[in-house]
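Remarks on the structure that follows.
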Amino acid sequence: MTIDQPVIAILGGSGALGSGLAWRWAAAGLPVIIGSRNQHKAEAAVTEISKQYEVTLKAGLDNRAAAEAGDILVLTVPFHHQTDLLNEIKEFAQGKIFIDVTVPLVPPKVTRVQMPKEGSAALITQNILGENVNVVSAFQNVAAANLQAKGSVDCDVLVTGDDLKAREKVIELAKLAGIQAYHAGPLDNSVAAEALTSILIHINKRYKGHAGIRVSGLGSRSDSE
Ligand SMILES: NC(=O)c1ccc[n+]([C@@H]2O[C@H](COP(=O)([O-])OP(=O)(O)OC[C@H]3O[C@@H](n4cnc5c(N)ncnc54)[C@H](OP(=O)(O)O)[C@@H]3O)[C@@H](O)[C@H]2O)c1
């Protein structure tokens, strides 16, 4: 790892949200690894993303190998699979920044806020990975379709986490992906961003779009973060 060029490993990166982040970070020149339950699927995703977006990805690996190889890990799997995957890769996350995008949706009522008894998906992640992992929660309110589309992203990102430097790194990564992101406080606050997603899904169904959020009222101060 170099300080400026951390290897980003996206666990579940073959999916909608993960692939949308992957091509954006790769386009910004970052080394990106796609993780999957199946190495062949990861390699196929790398081939597909590379072709579609004309970018170069570092590798496609199974999730454990990806977690071991990554300097910064990103979890992009559905809520129901979050716990199993975290337990599988826990040993490789120690000492690293771990970006959790999980929204605790409980089908079929995904337009209803249904937070887990632990408080939020991000707190589940922190509990499982332990205190040596800098869990940062982000990207819950960005539609995958907007990340997958080329061009700028019409949505801001709320970044929560207990370690200021880790939050700053994730805000920097969001910027590299073409997205404005904001400090939104400690990991306990992730519950608000996670809950908001069900509201956005409701709006999407009602108005047929890919709704996001915008933080207003900061003017140029948002650029100095
Ligand atoms: N989609 C959005 O617009 C959006 C927006 C904001 C936040 N999010 C959140 O981001 C996360 C990923 O969403 P997504 O839409 O990208 O999901 P997705 O495309 O349905 O799935 C992502 C990946 O999860 C992996 N996966 C599926 N079942 C699994 C299992 N049993 N164990 C481990 N991995 C499994 C699959 O990878 P492999 O088969 O390759 O292992 C799949 O490609 C979710 O928590 C979601 O709530 C999504």
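Derivation of every value follows stated rules applied to the coordinates shown; laboratory data play no part. Small disclaimer: the values here were computed from a predicted structure and weren't measured. Cβ placement follows ideal geometry from the backbone for every residue including glycine, while neighbour counts extend to all protein chains displayed.
Annotation: amide H of Gly60 within the under-5 Å range of Ile34, sequence separation 5 or more or interchain, hydrogens built in the peptide plane.
Counting only C-alpha contacts under 8 Å and six or more residues apart, can you give the relative contact order of the chain as a whole percent? Walk me through the numbers before you get to the answer.
Working: 472 pairs, mean separation 40.5, N = 225.
Relative contact order of the chain: 18 percent.
Dipole of the chain computed with +1 at Lys/Arg Cβ and -1 at Asp/Glu Cβ about the Cα centre; of Ile99, Ala44, Ile10, farthest Cα towards the positive end is Ala44. Taking the number of Cβ atoms within 10 Å of each Cβ as an exposure proxy, the fewest-first ranking of Thr197, Thr160 is Thr197, Thr160. Expressed to the nearest 5 percent, the antiparallel share of DSSP beta bridges inside the chain is 10 percent.
Quick one: order Asp71, Asp84, Asp100 by neighbouring beta-carbon count within 10 Å, fewest to most.
Values: Asp71 16, Asp84 10, Asp100 30.
The most exposed by this proxy come first: Asp84, Asp71, Asp100.
Computed from backbone phi, the HN-Hα couplings of region 58-65 come to 6, 5, x, 9, 5, 4, 5, 5 Hz, rounded to whole numbers (Karplus: 6.51 cos²θ - 1.76 cosθ + 1.60, θ = phi - 60°; Gly and Pro given as x). For region 121-196 versus region 18-58, the spacing of their alpha-carbon centroids is 20 Å. For region 28-34, the Karplus equation 6.51 cos²θ - 1.76 cosθ + 1.60, evaluated at θ = phi - 60°, returns couplings of 7, x, 7, x, 10, 10, 9 Hz by residue, with Gly and Pro reported as x.
When the helices in the chain are scored as -39500 (n - 2.57) per DSSP H run of 4 or longer and the sum is shared across all residues, what 222 nm value do you end up with, to the nearest 500 deg cm²/dmol? Could the numbers behind the result be given before it?
Details: 8 runs with 94 residues, N = 225.
After summing the helix terms and dividing by the residues of the chain, the value is -13000 deg cm²/dmol.
Considering all different alpha carbon pairs of region 111-161, the Kirkwood hydrodynamic radius works out to 13.0 Å.
Using Cβ point charges alone (K and R +1, D and E -1), the dipole size of the chain about the Cα centre works out to roughly 820 debye.
Arrange the following residues from fewest to most other Cβ atoms within 10 Å of their Cβ: Lys117, Lys169, Lys208.
Working: Lys117 5, Lys169 20, Lys208 8.
Ascending Cβ contact count within 10 Å gives the list Lys117, Lys208, Lys169.
In the chain, the C-alpha radius of gyration followed by the widest Cα-Cα span (Dmax) gives 16.1, 47 angstrom.
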